[in-house]
Every structure is written in structure tokens, then in C-alpha cells.
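Nothing in this text is a laboratory measurement; each read-out follows from the coordinates by a stated rule. Everything quoted here is computed from the prediction, not taken from an experiment. Virtual Cβ from ideal backbone geometry, glycine too; neighbours counted across all protein chains shown.
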Amino acid sequence: MRRKITLKDIARELEVSISTVSKALKNSAEIGRDTKEKVQAFAKLYNYKPNNIAVSLKNKHTKNIGVIIPDIVHYFFTTVFRGIEKYANSHGYNVIICVSDESFDKEVINMEMLANGSIDGFIMALSGETQLKNDFSHLREVTDQGIPLVLFDRVTDEIQCDKVILNDTEITHQAITKMIKSGKRRIGLLTTENFFNVSTDREAGYRKALTDNGISVDENLILTLPFNEEIDAIGPFIDNNDIDAIFAVNEIFAIHAMGIAQGKGIKVPEEISFIGFTDGWLSRYASPGLTSIAQHGDQMGEIAAKMLIDRVEEELKSEIEIPFRTEIVKASIVERESTIN
């Protein structure tokens, strides 16, 4: 079965812009007769069918941005949304938010609902099920038509678009090194399945930090937990391993683990130190306070909004295609009482 041809394919083959192809197919007076005939003939030859969702997006400038996040409860995603909204509002744009609840189906439905001509583009972090399924056809359907998309935090190399990510590997390396320098040697890792790109990058930082400091990686000290945050395995993990520190890839894992350890009479941080990702309210008001990785979600959101709005407005006034880029936000360690300083 022949692959469905897209506006981008036609533009590349005929060496014109996506905008020119779109206008030629609509018989726009802005496009010369020869170009229109060439584009229309090529489209007919390859049985091009327009994407009605994408066409509706491109037909008008709405000054609205669609945002899809996996979870509204997690502090990090709420701060990213605040950053998006702050920048968008200051530049005359409104923001419509949807929550995928880590569901592939809800993510697809949300995109279809928003892509009815009511928004100019998308900002989103991939749901857990989308990364698990490794199915990005709904994203490709939109981006193939030249619809602006910015992915943040949870991203994929399968989709060519603008992205905003954290220096996950680097900051994890720094955090593990901090634990080692405080005298810790048996450092446990609480992580999620490796289809999450962020968890994979954080585990890479964990492994590299141990190796760089002359400590062998003990696979028994790595506990992989389901992304629905089932924590029953944490107690036996602490019981069965001689652990003197735990690094968790998210705040909830870290807080639960610290509570379990304290319930067993283990002193924090003297006997076990803890560091977790996301410097949220749980970390700040835990007892003892949890040393955390500040992801600067508000900054990530502002960058994502700027990238999207810049692309939307540039495409309105010019047919020049802007190269996609990836921005990296530098995380930082917020030291509290759960680690030895």
C-alpha cells in the first residue's frame, strides 16, 4: 500500500514552500498559473487527500494555543502550564488546556477536539501510553501539514518539531555525585519503565555518576515501578538491600520511599539520604524537607510558548521554513534536610 502523500512531500518534490502548495491547491490568486497547475497535477497524480483537521487549523489565525499535559496533579506540569499561559497572555494569545491522564486515546481525542480551527498550534508532553505504544501517528498527521507543534519534557525523536527538554542526564549525574561525596556508596534508584524518555535519561546519569566515581552499578539497587505509581515494592526493596541513599525520578516516589524508611525506624539522612525530581510542595513541606531537582517548569513553559508563537507568526508573514530546534533547560539541586550537606 502506497504511503499517503502530504503537503510537505509535495513541497519537497516541487521545491516550493508548504504555504505555496496549500494556496495552489486552493486555487489562490496569490499563486501563479504555472505553479498552480504544476502543484495540482502532482497532487492528482499521487492522489493527495487533504487533512481536514489540519486544513481547519491553517485557515485562520485564532490567537489561541492548545496545550495537552499528561497529569494536572503533578506540580511540574502545573508550573509548565503557568509559564505557557504567562508568556502567551502577554503576547495576546489565549491558552486552552486538556489533560490526557496518561492515556493514548485521550491524547488523540484531545488533539482532534482542539484541531477544529480553534487553535493555531499545540504544546504538549506525551502521555505514558503514547510512549509505551510508540505510536505518534496523530502527531505526524498534524506536523506533516505544517501545523506548529512544540513538545516539552516527554518527547520523541520520531517527530520533527520544536522541543524543550531538561538536562536530565547531567543533573542526575550531579545529584548522585553529591551523594557519593557525602559518603554514600549503596545508592538505590527508583525509576519508571524505560519507554519514558526522561526516566531513561535520568537512569543514564545515575549509571554514569557511579562509574565515574569508581563504583560498580549493582542492578539490584535499581527498582523499576509502573508509571501509575504503585509503591508496594518499595518496602521490600529497602529491606532486602543494604541501601544508604535513594534517588527517585519523581517527587512522589521519593516522598513515599522516605516515609516508608522512617516507618521502619531508619534515620534520614544519617542512615539513608533521599533526592527526588520536582521541587514541589510535597518536597518543601516533607519532614525532613526533601532535597530536590528543580525543573524550572515555568521557564520551560515560557520557552515552549515563545517557540510556538514565533513559528506561528513567522509563517503568517513569510514562506521561509524555520529550522526546528531543541532548547535545553538547566535544572538545579535544591538542598534540604534529606541529604547530608
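Show that you can apply the helix-only estimate: for the chain, add -39,500 (n - 2.57) for every DSSP H stretch of four or more residues, divide by all residues, and state [θ] at 222 nm to the nearest 500. For the chain, the value works out to -13500 deg cm²/dmol. Per 5 Å bin from zero, what fraction in whole % of the C-alpha pairs of segment 140-254 is there, up to the bin with the longest pair? Taking all Cα pairs of segment 140-254, the binned fractions are 2, 11, 20, 20, 16, 11, 7, 6, 4, 2, 1 percent.
Annotation for segment 162-238 versus segment 266-341: alpha-carbon center distance of 17 Å.
For Lys44, the lysines whose Cα comes closer than 24 Å to its Cα, not counting residues fewer than 8 places off in the same chain, are Lys4, Lys8, Lys23, Lys26, Lys36, Lys58. Under 5 Å from the amide H of Val329 lie the amide H atoms of Ile165, Leu166, Asn167, each residue being 5 or more positions distant or on a separate chain, with H modelled from the backbone and absent for Pro and chain starts. In terms of overall dimensions, the C-alpha atoms belonging to segment 213-270 reach 32, 27, 20 Å along their principal axes, ordered largest to smallest. Within the chain, DSSP assigns beta bridges of which about 10% are antiparallel (rounded to the nearest 5). Overall, the ratio between the Cα radius of gyration of the chain and 2.2 N^0.38 Å, rounded to two decimals, is 1.16.
A simple spin-label model places pseudo-atoms 7 Å from Cα toward Cβ; at Asn27 and Val73 they are separated by 5.5 nm. Normalised by 2.2 N^0.38 Å, where N is the number of residues, the C-alpha radius of gyration of segment 224-341 stands at 1.46.
What the pair-distance distribution of segment 100-171 shows, using all Cα-Cα distances binned every 5 Å from zero, is 3, 16, 28, 27, 17, 6, 3, 1, 0 percent. Of all lysines in the structure, those lying under 16 Å Cα to Cα from Lys267, and not within fewer than 8 positions of it along the same chain, are Lys184. Each of the peptides 26-32, 120-126, 38-44 was scored by the mean count of other Cβ atoms within 10 Å over its residues; in descending order, highest first, they stand as 120-126, 38-44, 26-32. The angle between the Cα long axis of helix 75-90 and the main principal axis of the chain comes to about 40°, on a 0 to 90 degree scale. Taking amide H positions as modeled 1.01 Å from N, with prolines and chain starts lacking one, the residues under 5 Å from Leu189 and 5 or more places away or on another chain are Ile222, Leu223, Phe247.
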